[in-house]
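Let me begin by presenting the structure, written as structure tokens, before commenting on it.
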Amino acid sequence: MRRVASAVGITPMALYRHYPNRDGLLNALADVGFVELSEKLASVRLTGGIEEQLLKILDVFLDHAFEKPRLFTLMFLTKREGARQYPEDFRARRSPTANVSADVIARAMETGNFRKDDVWEIVFETGALMQGLVMLYLGGRVAMPPESFRAFCHRSLGRYLNGIRS
């Protein structure tokens with residue numbers, strides 16, 4: 001906390017007035033990251049076919065991960081108090097970032113593009129697949145430039161979607 005206070009030019013006590021501890025500060029940073037990501041998702045025009053819409057959503061997540069890798073890791077990998085948990089928080093639509101995908105997948109099921117199934121399980125599975133790939137990439141386990149990795153993620157999502165098409 002002292003290093004953070006020094007880096008932003010305030011006293012540690014001023015920082016403690018706003019955040020009770022390191023975890024409180026990290027929670028606030030993650031919350032800001034989710035607000036940013038939600039705003040980016042809300043600005044995307046979801047047109048085209050189902051797969052094209054899901055790829056647009058994926059690209060927003062990838063852009064966020066590439067632009068702010070440490071924040072992305074904090075948001076999706078770091079255990080923290082108040083983080084949304086599957087299944088209850090997702091089924092209650094408390095995740096603005098997951099709701100976007102859920103709406104597209106639900107429409108795909110309603111229109112017969114995807115087999116009828118549990119929308120939230122599919123949202124969580126596809127999210128886990130993509131976030132897992134991103135974490136491996138950010139951890140230096142994938143030797144590809146960003147655009148090649150993006151293309152790999154697109155193909156991976158396509159393979160998954162092929163398994164749930166009707």
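The values are calculated or read from the model by the stated rules, or taken from the named source; none is laboratory data. Owing to the predicted nature of the structure, the values given are computational and were not obtained by experimental measurement. Here Cβ is always computed from backbone atoms with ideal geometry, including for glycine, and neighbour counts include all displayed protein chains. Heads up: the accessible areas ignore ligands, DNA and RNA and are worked out on the full protein's heavy atoms, side chains in. Shrake-Rupley method; radii C 1.70, N 1.55, O 1.52, S 1.80 Å.
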Compute a Gaussian network model of the chain, connecting alpha carbons closer than 10 Å, and tell me which residue from ALA151, ALA28, ALA14 fluctuates the most. ALA14
Portion, in percent, of the accessible area of the chain that falls on carbon or sulfur, probe 1.4 Å: 54
Env charge @ ARG155, Cβ radius under 14 Å, K,R +1 / D,E -1, value -1
Of 70-80, 40-50, ordering from highest average Cβ density within 10 Å down gives 70-80, 40-50
Let me know the shape class of segment 89-133, please: from the alpha-carbon gyration tensor, a ≥ b ≥ c as square roots of the eigenvalues, rounded when a/c is under 1.5, otherwise prolate if a/b is greater than b/c, or oblate. oblate
When a/c reaches 1.5 or more, the comparison of a/b and b/c decides; with that in mind, is segment 56-97 rounded, prolate or oblate per its Cα gyration tensor? oblate
Measuring with a 1.4 Å probe in the full set of protein chains, what accessible area per residue, in whole Å², belongs to the chain? 59
Could you please report the charge total around HIS64, scoring K, R as +1 and D, E as -1 over all other residues with beta-carbon less than 9 angstrom from its beta-carbon? -1
Using 7 Å Cα-to-Cβ label points, what is the GLU39/ASP63 separation (nm, one decimal)? 1.3
Residue separation between VAL142 and GLU88 times 0.36 nm, minus their alpha-carbon distance, gives in nm 16.2 nm
Net charge near ALA42: determine it from the other residues with C-beta under 15 Å of the C-beta of ALA42, scoring Lys and Arg +1 and Asp and Glu -1. -1
